[in-house]
Structure formats: C-alpha cells, structure tokens
Amino acid sequence: MSCNLRGEKNQVVSPAGEMFPLNELNQFICNRQLCNHCLRVANCAAFLARILGLMEDEGRTIYLAGLFHDIGKVRVGKTILSKPSSLTIQEREIMEKHPVCGALILLGLGLKGSLLSLVLHHHERFDGNGYPARLRGEEIPVGARILSVADAYDAMTSPRSYSRVLSPEEALDELKRCKGTQFDPVVVEAFIASHHYLTKRTDKRCLVR
Ligand SMILES: [Fe+2]
C-alpha cells in the first residue's frame with residue numbers, strides 16, 4: 001500500500017492491488033471533483049493552444065498534461081485539499097509538492113517528455129515567484145504558461161472549500177490584475193479575447209458524473 005505525503009496509508013485500493021502507481025491513478029480517477037477540474041482545464045488549454053497558433057502535436061500534449069496536471073494531489077490528502085481555511089506553512093509546503101508528485105506518478109506510469117515537464121511546471125509564475133523551480137518568463141514551457149491561466153480561471157469560477165466562487169467577470173478581472181506577474185500576458189490576452197466562445201465550449205463538456 002502506498003502512502004501520501006503525510007505518511008497516511010491510502011484507503012482506496014484498485015483492482016491493480018498494490019501496484020504503484022496504478023493505485024494512485026485509480027484514486028485520481030475516483031476523485032470526481034478533481035477529474036472534472038482537470039477535464040475543464042485540458043479542454044480550455046487545448047483551445048488556447050490552437051488560437052495561439054501552436055502545432056497540433058503541442059496542443060495534444062497540452063491537452064494530456066491538462067488531464068493529469070493535478071494527479072499529484074492524490075498524495076496531498078483530503079484533509080488539506082478540503083480544508084475550509086488558510087493552509088499552515090507546513091500544509092502549504094505539502095500542497096506545493098503536488099506538481100513534483102504528479103510528474104513522478106506519470107513517470108512511473110511510463111509517460112515521459114514534455115508532458116511531464118508541463119505537469120511539473122504548471123504552478124510556475126511569469127515573474128519567477130512560482131514553484132517548484134521558480135522559472136521565469138519564457139523559461140517556463142509555453143504549455144505550462146497556458147495551463148496556468150486555464151487552471152486559475154477554472155479554480156476561481158468553481159466551488160472551493162477555502163474561497164467563494166467568483167463570477168466570470170471577477171475572474172477575468174483577476175487574470176488582468178495578475179497579467180505579467182503571475183501569468184503570461186500573451187496567454188491572458190488570448191483568454192480574454194476568446195473567453196465567451198471558449199467557456200461555452202469547455203464549461204460542462206465531458207464531465208464525470
Ligand atoms: Fe495544480
């Protein structure tokens with residue numbers, strides 16, 4: 001049986017039994033809220049990749065990275081994930097390991113290349129104050145810069161335990177406010193320009209019920 005970052009034993013055991021990391025993949029798939037968030041982010045990010053003129057194979061990789069970008073949260077544990085108040089410093093440190101954990105889980109599943117890099121860097125910030133590697137500007141893979149915007153918009157406009165749901169207009173204002181600091185300005189501009197069409201296409205598609 002595998003353990004999460006706090007040393008707690010995982011409760012869900014897949015038909016794959018003890019076979020790491022299939023058990024963690026199974027836990028991810030069983031987490032409806034997490035999977036639906038990832039699906040929405042994947043659809044949104046793939047659409048952004050297309051309107052930004054990226055190659056089709058890059059768009060496919062970004063879509064797949066979006067699908068799995070938060071798989072590392074299965075090691076964080078529900079207590080932290082669903083905590084209704086601010087995280088302590090120690091809890092935040094655990095939470096901030098999820099991109100590394102995600103990349104390691106996917107590596108264990110036999111995936112490789114830029115897909116892992118996008119999962120690893122989806123919480124970097126344009127100003128260099130993100131994690132895990134504090135990459136800055138164009139040092140951050142473009143797919144990770146796209147995922148970051150799609151991820152933030154979906155997080156702000158979805159029910160969260162620690163914060164109220166923002167309206168689309170409020171979320172767009174927040175993206176604008178953080179343009180050039182947290183987010184790549186080019187990606188934010190593309191998101192804002194196509195927001196109406198983009199959210200219509202991606203909001204409720206392919207959700208796990
Ligand atoms: Fe994340």
For the chain, the longest principal axis of the Cα atoms and the Cα long axis of helix 32-51 enclose an angle in degrees, to the nearest 10, of 30 degrees
Put in order of increasing Cβ neighbours within 10 Å, starting from the fewest, Cys30, Cys101 give Cys30, Cys101
Relative to the chain, whose Cα atoms define the longest principal axis, helix 142-156 and its Cα axis are tilted in degrees, nearest 10, by 80 degrees
By Cβ neighbour count within 10 Å, fewest first, Lys83, Lys112, Lys179, Lys73 rank Lys112, Lys83, Lys179, Lys73
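Please give me the summed charge of the neighbours of Pro84: other residues whose Cβ is under 13 Å from its Cβ, Lys and Arg +1, Asp and Glu -1. Walk me through the numbers before you get to the answer.
Numbers: positive: Lys78, Lys83, Arg160, Arg164; negative: Glu91.
Net of charged neighbours comes to +3.
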What the Cα atoms of the chain span along the principal axes, largest first and in whole Å, is 47, 38, 35
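None of the figures in this text is laboratory data; all of them are computed from the coordinates on show. From a predicted model like this one, the values you see are computed outputs, not experimental measurements. Neighbour counts are summed over all protein chains in view; Cβ atoms, including those assigned to glycine, are modelled from backbone coordinates with ideal geometry.
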